[in-house]
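In what follows, a structure is listed as structure tokens, so that the remarks can point back to it.
The values are calculated or read from the model by the stated rules, or taken from the named source; none is laboratory data. Because the structure is predicted, anything quoted here is derived from the model rather than measured. Heads up, the Cβs are rebuilt from the backbone with ideal geometry, glycines too, and the neighbour counts pull from every protein chain shown. The area values use the complete protein model at the heavy-atom level, side chains included, leaving out ligands, DNA and RNA. Shrake-Rupley method; radii C 1.70, N 1.55, O 1.52, S 1.80 Å.
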Amino acid sequence: MSKSEYIRICTVIFSVMLIWTAAGCSSKGPNTEIVSITDARADRPAAVNSNGKGVEALRDGDLERAEQLLTEAIRHDIGYAPAHNNLGALYLMTDRFYLAAWEFEYAAKLVPGDPRPRNNLGLVMEEIGRLDSAVEHYESAIIIEPDNPEYNGNLARTLTKSGGDDQRLRELLDHLVLIDTRPQWRDWAGREKMRLRSAGSGSE
């Protein structure tokens, strides 16, 4: 694996909060308990174990082993949402967008009160240029977790690309300046606010 590929993987993992481990399956949103599909053959402990090892491999950049382990986790328990989400993350990293969307959609059905799969679906849609769909998914994540800077930032970025609702964009930028601790995002939000003010003044 080249250095640039490794950096890309680390950036995706860090900036988008895609990865779930056994200790990180819940979020601040409501109704985040994992909902399992009833299956007498399901082996949740084995799924948790394989998922954890898959996450380690993912973070180490060993994508082939990560895919094997995450697929194994799903075979152990098809209702284990973190494995679906993490496999979706791997597919997103490797530009297999259809497969990524499928896994994120499945995870979202298993945990309807968790915003992460919804945000991740937005990332897929944004990547393939379906910006209206990306906006919908980001909005659905924000409804669950309104003060998450990642989701607000992703939606604001997509609205700037699509030329969407300027009033909604202004609201997001104002909110980002207040809640986001990332200097680059606060700076970006400030610049976008100035751009919108300038555009508004020029149209008068």
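Residues being under 22 Å from LEU99 (Cα atoms), open to solvent by less than 70 Å² (accessible area, probe 1.4 Å) and free of Cβ contacts under 8 Å to residues at least 40 places away in the same chain: count how many of those fall in segment 38-61.
Residues flagged as under 22 Å from LEU99 (Cα atoms), open to solvent by less than 70 Å² (accessible area, probe 1.4 Å) and free of Cβ contacts under 8 Å to residues at least 40 places away in the same chain within segment 38-61 amount to 8.
Mind checking whether some residue in segment 183-198 is within 30 Å of ARG65 (Cβ to Cβ), assigned to a helix (DSSP H, G or I) and open to solvent by 50 Å² or more (accessible area, probe 1.4 Å)? Step through it out loud before you land on a result.
Here is the first cut: in segment 183-198, the residues within 30 Å of ARG65 (Cβ to Cβ) are none.
No: zero hits.
All but one of (1) in contact with an Asp or Glu (Cβ under 9 Å, 6 or more places away or on another chain); (2) at pLDDT 90 or above hold for ALA73, so report the exception by its number.
Of everything listed in (1) in contact with an Asp or Glu (Cβ under 9 Å, 6 or more places away or on another chain); (2) at pLDDT 90 or above, ALA73 misses just condition (1).
Restricting to segment 116-137, what's the tally of residues that are free of Cβ contacts under 8 Å to residues at least 24 places away in the same chain, more than 9 Å from the chain's Cα centre (by Cα) and outside any loop (DSSP other than H, G, I, E, B)?
Filtering segment 116-137 down to residues free of Cβ contacts under 8 Å to residues at least 24 places away in the same chain leaves 121, 129-130, 133, 136-137.
Filter once more, keeping what is more than 9 Å from the chain's Cα centre (by Cα): 129-130, 133, 136-137.
Pick out the ones that are also outside any loop (DSSP other than H, G, I, E, B) and you get 133, 136-137.
Summing the residues that are free of Cβ contacts under 8 Å to residues at least 24 places away in the same chain, more than 9 Å from the chain's Cα centre (by Cα) and outside any loop (DSSP other than H, G, I, E, B) in segment 116-137 gives 3.
Within the group LEU155, LEU159, LEU173, which residue is surrounded by 15 or more Cβ atoms within 10 Å (Cβ to Cβ), hydrophobic (A, V, I, L, M, F, W, C) and without any contact (Cβ under 8 Å) to a residue 24 or more places away in the chain? Working first, answer last.
Numbers: LEU155 fails: without any contact (Cβ under 8 Å) to a residue 24 or more places away in the chain; LEU159 fails: without any contact (Cβ under 8 Å) to a residue 24 or more places away in the chain.
Going through LEU155, LEU159, LEU173 in turn, just one is surrounded by 15 or more Cβ atoms within 10 Å (Cβ to Cβ), hydrophobic (A, V, I, L, M, F, W, C) and without any contact (Cβ under 8 Å) to a residue 24 or more places away in the chain: LEU173.
So ALA107 clears everything in (1) small (Gly, Ala, Ser); (2) more than 18 Å from ALA81 (Cα to Cα); (3) surrounded by 18 or more Cβ atoms within 10 Å (Cβ to Cβ) except one condition, right? Which one?
Going through (1) small (Gly, Ala, Ser); (2) more than 18 Å from ALA81 (Cα to Cα); (3) surrounded by 18 or more Cβ atoms within 10 Å (Cβ to Cβ) one by one, ALA107 breaks only (2).
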